[in-house]
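Here is the structure we will look at.
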């Protein structure tokens, strides 16, 4: 488990039969991810892959109001320039990519906000089940003024299509559960008082299926998606994270005020 200085558990990992459940357990911060939480997520993926008796991994957030509401923004105050941004986006690609490479099916149980890094974590899952109040997106144009990596843009392009992706980023709005369902990003919408039971039922069904068939299908789709060469985007990421606007976005977020963008 990952703990803060007060001893509060921020990541809980439990198991019932063949199903492992990882709970992002920081509800007071809408489960915003610390670096330690990201590391524990990665470790859990490794543990699930190493145990042949595990058949399904479920990801969910505690508190009922958020799956994961992004990365803990206070951590960005330590960024000093473009290199930090490049490192962060590459690490983010590895984290989301690691979820996609889990050999067992991954179900995301989504209540409330799946935003920023949480949107990326949800995108790495194979099956997404959400409550009617779930919201999805990356409202970076009005919050930090940062950007995504080329791999992340490509991933969302596959899941949402270019038109919806551009509109969502440019307007900085969040997709509703119904919009996400219509786009094929969400597979089921289930009432909050029934979603735990539905996901348990779904996980049990999936756990009874042929493991090799499921792994090969996941891996084949992943290889097909990653077969196309991505154009280099380091210059775009460096220009964004090295900008005065990004530094202003972080300061404004931490200070709880509106950012003053200059385009510089």
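Out of curiosity, is residue 264 at positive phi and either out of contact with any strand residue (DSSP E or B) (no Cβ under 8 Å at 6 or more places or on another chain) or at pLDDT 95 or above (or both)?
Working: at positive phi: no; either out of contact with any strand residue (DSSP E or B) (no Cβ under 8 Å at 6 or more places or on another chain) or at pLDDT 95 or above (or both): yes.
For residue 264, the condition - at positive phi and either out of contact with any strand residue (DSSP E or B) (no Cβ under 8 Å at 6 or more places or on another chain) or at pLDDT 95 or above (or both) - is not met.
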- Does at least one position in segment 33-52 carry a residue that is modelled with pLDDT under 95, assigned to a loop (DSSP other than H, G, I, E, B), surrounded by 14 or more Cβ atoms within 10 Å (Cβ to Cβ) and more than 12 Å from the chain's Cα centre (by Cα)? yes
- Among the numbered conditions (1) touching a residue at least 12 places away in the same chain (Cβ under 8 Å); (2) part of a helix (DSSP H, G or I); (3) over 21 Å from residue 120 (Cα atoms), tell me where residue 201 comes up short. (1)
- Query: Looking at segment 212-231, which of its residues are within 23 Å of residue 16 (Cα to Cα), surrounded by fewer than 16 Cβ atoms within 10 Å (Cβ to Cβ) and either touching a residue at least 60 places away in the same chain (Cβ under 8 Å) or touching a helix residue (DSSP H, G or I) at 6+ places or on another chain (Cβ under 9 Å) (or both)?
  - Reply: 215
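Table: residues versus (1) in contact (Cβ under 8 Å) with a residue 40 or more places away in the chain; (2) under 15 Å from the mean Cα position of the chain (by Cα); (3) in a helix (DSSP H, G or I); (4) surrounded by 20 or more Cβ atoms within 10 Å (Cβ to Cβ).
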| site | (1), (2), (3), (4) |
| --- | --- |
| 118 | yes, yes, yes, yes |
| 122 | yes, yes, yes, yes |
| 128 | yes, yes, no, yes |
| 143 | yes, no, no, no |
| 148 | yes, yes, no, yes |
| 159 | no, yes, yes, no |
| 163 | no, no, yes, no |
| 167 | no, no, yes, no |
| 180 | yes, yes, yes, yes |
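Take the conditions part of a helix (DSSP H, G or I), under 21 Å from residue 108 (Cβ atoms) and at pLDDT 95 or above and apply them to residue 191. Does it pass? Break it down into steps so the answer makes sense when it comes.
Working: part of a helix (DSSP H, G or I): no; under 21 Å from residue 108 (Cβ atoms): yes; at pLDDT 95 or above: yes.
Taking the combined requirement at face value, the residue does not satisfy it.
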- Mind listing whichever residues of segment 53-80 are at positive phi and surrounded by fewer than 23 Cβ atoms within 10 Å (Cβ to Cβ)? 63, 64
- Quickly run through segment 114-154 and pick out the residues that are touching a strand residue (DSSP E or B) at 6+ places or on another chain (Cβ under 9 Å) and at positive phi. 116, 137
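One line per residue, one yes/no per condition, for (1) touching a helix residue (DSSP H, G or I) at 6+ places or on another chain (Cβ under 6 Å); (2) without any contact (Cβ under 8 Å) to a residue 40 or more places away in the chain; (3) more than 15 Å from residue 180 (Cβ to Cβ):
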{"residue": "59", "(1), (2), (3)": "no, no, yes"}
{"residue": "64", "(1), (2), (3)": "no, no, yes"}
{"residue": "70", "(1), (2), (3)": "yes, no, yes"}
{"residue": "86", "(1), (2), (3)": "yes, no, yes"}
{"residue": "101", "(1), (2), (3)": "no, no, yes"}
{"residue": "109", "(1), (2), (3)": "yes, no, no"}
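The values are calculated or read from the model by the stated rules, or taken from the named source; none is laboratory data. Please read these numbers as outputs of a predicted model, since none were measured by experiment. Virtual Cβ from ideal backbone geometry, glycine too; neighbours counted across all protein chains shown.
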